[in-house]
Amino acid sequence: MPLVIAMDGPSGSGKSSASKGVARALGLRYLDTGAMYRAMTWWMLDRGVPVEDGAAVAARALDPEIVSGTDPDAPAITVDGVDVAGPIRTREVTNAVSAVSAVPAVRTRLVELQREIIGAGGIVVEGRDIGTVVAPDAAVKVYLTASEEARAARRAKDLAADPGASVTVTRAEQARRDRLDSTRKASPLAKAAGAHEIDSTELSLAEVIEAVVRLAKEHE
Ligand code: C5P
């Protein structure tokens, strides 16, 4: 089966940049599953669904049509035909996404879509439950971490345009999101069996990409 590389880890660990870089280096497709949970959350907020009410979210989980591209150079995501690549990155969505992604009906729906996209393989997939649930047979599984400080600093840099996004605020919001993501009942963030842990705190992006590419080549 063509290669599937599963990249899991907490927010701000550098997963997105590393996953895109690995996909480019190896000529593979790329899937950002976090963008799909964000798109679902954006849609719930847009429709006025109370996102802290799991039953209300579950009741609408099948309604939005979420389409995700797989080009690492132009990651695209639409909901009901609307391009939401920008809106899914707002703080409002970021702070609501953990509640929505903890709802089992949401996960069932999105995991099914993700498996369809993964299909025959040839893809780098990033998320929280790729090695554990979505693609447990992936040839290469990576669990990417970084110190809390390094992760908050990276996130704050991503959000530089947002005046409310100081390192302190970002760090608190991120800690809350990671706590929710790792303690939820449905598919919590966890290191998969057989995953290679890479701590990116002291590594450059190029070094992380190189380490994953090496693992992929060892597997060939
Ligand atoms: O990766 P990103 O930070 O964009 O993910 C946003 C949120 O989506 C995470 O905080 C988590 O709640 C959820 N998520 C998930 N499972 C995945 C990917 C993301 O629950 N595979």
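Taken together, the values in this text are just the output of simple stated rules run on the coordinates, not laboratory data. Small disclaimer: the values here were computed from a predicted structure and weren't measured. Neighbour counts run over all protein chains shown; Cβ positions are idealised from the backbone, glycine included.
Overview of results
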{"quantity": "Charge-dipole axis of the range 4-212 as Lys and Arg at +1 and Asp and Glu at -1 on Cβ define it, positive-most pick from I198, G48, G121", "calculated": "G48"}
{"quantity": "Neighbourhood net charge (12 Å Cβ-Cβ; Lys/Arg +1, Asp/Glu -1) for S182", "calculated": "+3"}
{"quantity": "The range 175-220 shape via C-alpha gyration tensor axes, a/c threshold 1.5", "calculated": "oblate"}
{"quantity": "Length gained when the stretch R179-D73 is fully extended (0.36 nm per residue, less Cα-Cα span)", "calculated": "35.1 nm"}
{"quantity": "Net charge of neighbours whose Cβ lies under 13 Å from the Cβ of V82, counting Lys and Arg as +1 and Asp and Glu as -1", "calculated": "-3"}
{"quantity": "Per-residue Cβ neighbour rank within 10 angstrom, fewest leading, E220, E52, E207", "calculated": "E220, E52, E207"}
{"quantity": "Spin-label pair D137/L205, simplified geometry with 7 Å Cα→Cβ offset, distance in nm", "calculated": "3.4 nm"}
{"quantity": "Gain upon complete extension [H219, S166; 0.36 nm per residue less C-alpha separation]", "calculated": "15.0 nm"}
{"quantity": "Candidate lysines - alpha carbon under 25 Å from K185, same-chain residues fewer than 8 apart omitted", "calculated": "K15, K141"}
{"quantity": "Beta bridges by DSSP in the range 4-212, antiparallel share as percent, to the nearest 5", "calculated": "25 percent"}
{"quantity": "Cα gyration tensor category, rounded, prolate or oblate, for the chain with a/c compared to 1.5", "calculated": "oblate"}
{"quantity": "Per-residue Cβ neighbour rank within 10 angstrom, fewest leading, L189, L180, L31, L205", "calculated": "L205, L180, L189, L31"}
{"quantity": "Charge tally in the Cβ shell below 9 Å around G34, where Lys, Arg are +1 and Asp, Glu are -1, G34 excluded", "calculated": "+1"}
